[in-house]
Amino acid sequence: MIVGTAGHIDHGKTALVKALTGVDADRLVEEKARGMTIDLGYAYTPMANGDILGFVDVPGHEKFIHNMLAGATGIDFALLVVAADDGPMPQTLEHLQILDLLGIRNGAVALTKTDLVDPGRIAQVAEEIRTLLGGTGLEGCPLFPVSTVTGEGVAKLRAHLEAAAASLDTRTIRGGFRLAVDRCFTIAGAGTVVTGTVFSGRVAVGDRLLLSPSGRPVRVRGIHAQNRPAEEGLAGQRCALNLADVEKREVQRGDWVLAPELHLPTTRLDVRLTLLASETRPLKHWTPVHVHLGAIHATARVALLQDAPLEPGGNALAQLVLDKPTCAVNGDRCILRDASARRTLAGGRVLDAQPPVRGRRTAQRLEILSAWEQAEPQAMLRTMLSISPNGVDLQGFAANANLTAAELDDLCRNLELRRVAGTKPIAFAPEYWSRLKQAVIETLKKEHEDVPDSLGLNSEQLRLRTAPRLERAVFAQLLAELLEEGLCARDGSWWHLPGHEITLSEADEQLWQRISPLLLERPFQPPRVRDIARAESLDETAVRKLLMQAARMGRVYRVAHDHYFDRTAVATLADIVRGLARETPDGTIKAATFRDRIGTGRKLAIHILEYFDRVGLTRRLRDTHVLRNGGLQF
């Protein structure tokens, strides 16, 4: 169990930790000289059952509240320290507010310096404290009068802490590893060491992780968990990690050491905010604030996702726009302080750590945030599936919910959903997948009614008319199922309903037989309409009309203006493009390379590549082209 102290300056927090553990948590020379805690201090003590009780000692001065917050976010148990002579003071209240906003519900009060006052004063202050705790998460918690000078009450408090540790619910070890870095130093012969609280998952010696938000890869050389050498560290423990491949100067408080799949730096967080009831004014849209999350301290703006300001004591959905990136997941807690960093304003619970920049207040977006407020991942995903006609990005869901691949697979097995593989796996509620299939059929039916002399639509045209927000690879899977079920048919790259076909008139068929061989004489550089008409002494308008009809039938493709290619030639060109992409390390196709491969001029090669961009086989990337996942098939 990790115990965090809280309370006003000079109320005896560090002395109490020393009395409980034998360890002086003030590690800085300046702290010892001034007799005042400035930064976080740490102490550990073994319990009778062999486990370790860890303490995070925080500074009580208002100037160092940012340091207090860096240590408070990962604790299991709060030890609120109040001096019997002073009684509750300003930082007593602020620290209590912070603990409440962080959702800490396990704790006790240590009434210190009892050797300086009479029993009547002890009773008076105890009553003041109980009143102060009313309505907070620590309401009704036990109070222990203690003196670090005489030792009175210290043993009883320690016994209570050990009993609380024994009765603490066993933390479920799930999700990817996340450690919030609150300290970094160098040890001679070992190298860089970072310390912090493990928020989730487990880590073992030899694991390869990332330092975030920089994205620097690191390897775990050694682990101390709860101040003991260990082969692994677990959620809920304070750990020191000896890291390879990184220097101390590259690490700072507020960084995360985490599993690579959780490295998703963001400057936007969608949260549920609660404004302190003690505030005298509402919180307005775009208010500047200081944000504390994990061990990071950043400035930000509050974008309220409602029209009215947030009233004191109320809560609302909001997006925090940070001045620097951090990593977070659903359920993380944060604290907001005012622009001058003089007082605590509000607390927040992270809902979505990868929110959109636009459309953050749309009805569907607010429904998605409501889904993220569910208590368990299964309920979150079930709700999200019910409101997502275009499916749920499972990778994004798993990252925000902090689920490992195995945990995500287990979750999906317990839900009724249709899982589709694309560039990333997408999950659909079965009814939405069926609706998409029906929408494709209806789109083709309308196309046949509106343009009866057209064979149908290519896959990209069909996607844009049916489900433009659907990823191409996912839409390709949808079409493949329709084809397998016999509900759709395909002729080359053209999709149509079964039984739909078009034919040329006898005269047009004869004309087609006359001009089609010209397209195959030089398949990669066929003549244009005017060249065909001139070569065969035909009316140019008639040739153009026929080729347009042949394109609707799927016999040819209009690659450029008045430039039609035989379907077999286009299929071969598409295969050449795919082959060129496989030959380069980055999968790019250059116009010059393509030109040389097909033996045409540069201008025509560019026209062909631009055609493939338009129909969805490739996409332009600066001066090159790359294949699209789930691109058009010819």
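Every read-out reported here was derived from the displayed coordinates using simple, explicitly stated rules and does not represent laboratory data. This is a predicted model, so every value here is computed, not measured. Here the Cβ positions follow ideal geometry from the backbone for every residue, glycine too, while neighbour counts run over all protein chains shown.
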> In nanometres, what is the gap between the two model label sites at E407 and A560, each 7 Å from Cα along Cα-to-Cβ?
Replying inline: 5.5 nm
>> Given axes a ≥ b ≥ c from the Cα gyration tensor, I'd like to know whether segment 2-167 is rounded (a/c under 1.5), prolate (a/b larger than b/c) or oblate.
In response: rounded
> What helices does the chain have that are whole DSSP H segments, at least 15 Å long along their own axis by Cα, and with mean Kyte-Doolittle hydropathy of -1.0 or more?
Replying inline: 90-101, 119-133, 154-167, 472-484, 506-521, 540-553, 567-583, 602-615
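Cα-Cα pairs above 16 Å in segment 229-334: how many percent?
66 percent
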> Which whole-number percentage describes the relative contact order of segment 178-262, with Cα contacts under 8 Å and a sequence gap of 6 or more?
Replying inline: 38 percent
> Between rounded, prolate and oblate, where does segment 178-262 land on the alpha carbon gyration tensor, with a ≥ b ≥ c its root eigenvalues, rounded for a/c under 1.5, else prolate if a/b exceeds b/c?
Replying inline: rounded
> What's the extension gain from A159 to D491 if we count 0.36 nm per residue and subtract their Cα-Cα distance?
Replying inline: 111.6 nm
> Once the chain is represented by equal point scatterers at the alpha-carbon sites, with solvent omitted, what log10 I(q)/I(0) does the Debye formula produce at q = 0.12 Å⁻¹?
Replying inline: -1.20
> If the cut-off is 22 Å between C-alpha atoms, which lysines fall inside it for K590, apart from same-chain ones fewer than 8 positions away?
Replying inline: K603
> Under the definition of Cα pairs under 8 Å and six or more residues apart, what whole-number percent is the relative contact order of segment 432-496?
Replying inline: 39 percent
> Considering the zone a paramagnetic label at Q395 would reach in this model (a point 7 Å from Cα along the Cα-to-Cβ line), which residues of segment 403-424 have amide N under 11 Å from it?
Replying inline: 422-424
> Roughly speaking, what is the stretch gain from A507 to R174, that is 0.36 nm per residue apart minus the C-alpha to C-alpha distance, in nm to one decimal?
Replying inline: 112.7 nm
> Mean residue ellipticity at 222 nm from the helices of the chain, using -39,500 (n - 2.57) per DSSP H segment of n ≥ 4 over the full residue count, to the nearest 500 deg cm²/dmol?
Replying inline: -10500 deg cm²/dmol
>> Run the reach check for K156 against lysines, Cα to Cα strictly under 19 Å, same-chain hits fewer than 8 apart removed. What comes back?
In response: K13, K18, K113
>> Over the chain, what is the relative contact order in percent, taking alpha-carbon pairs closer than 8 angstrom and at least six residues apart?
In response: 8 percent
> In nm, to one decimal, how far is the modelled label at E484 from the one at H500, with both set 7 Å along Cα→Cβ?
Replying inline: 2.3 nm
> Any idea how far apart R419 and T541 come out in nm if each label point goes 7 Å out from Cα toward Cβ?
Replying inline: 6.0 nm
>> What does the extension gain come out to for H607 and Q438, with contour length at 0.36 nm per residue minus their alpha carbon separation?
In response: 57.3 nm
> Under 28 Å from the Cα of K445, which lysines turn up, not counting those fewer than eight places away in the same chain?
Replying inline: K437, K545
>> Going by average Cβ density within 10 Å per residue, which order do the peptides 245-251, 313-319 take, highest to lowest?
In response: 313-319, 245-251
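Could you give the dipole magnitude of the chain about its Cα centre, charging the beta-carbon of Lys and Arg +1 and that of Asp and Glu -1, in debye to the nearest 20? Kindly include the intermediate steps, with their values, before the conclusion.
On the way: 78 positive and 77 negative charges, 321 e Å.
Magnitude of the dipole: close to 1540 debye.
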> Across every pair of different alpha-carbon atoms, what Kirkwood hydrodynamic radius in Å does segment 432-496 reach?
Replying inline: 11.7 Å
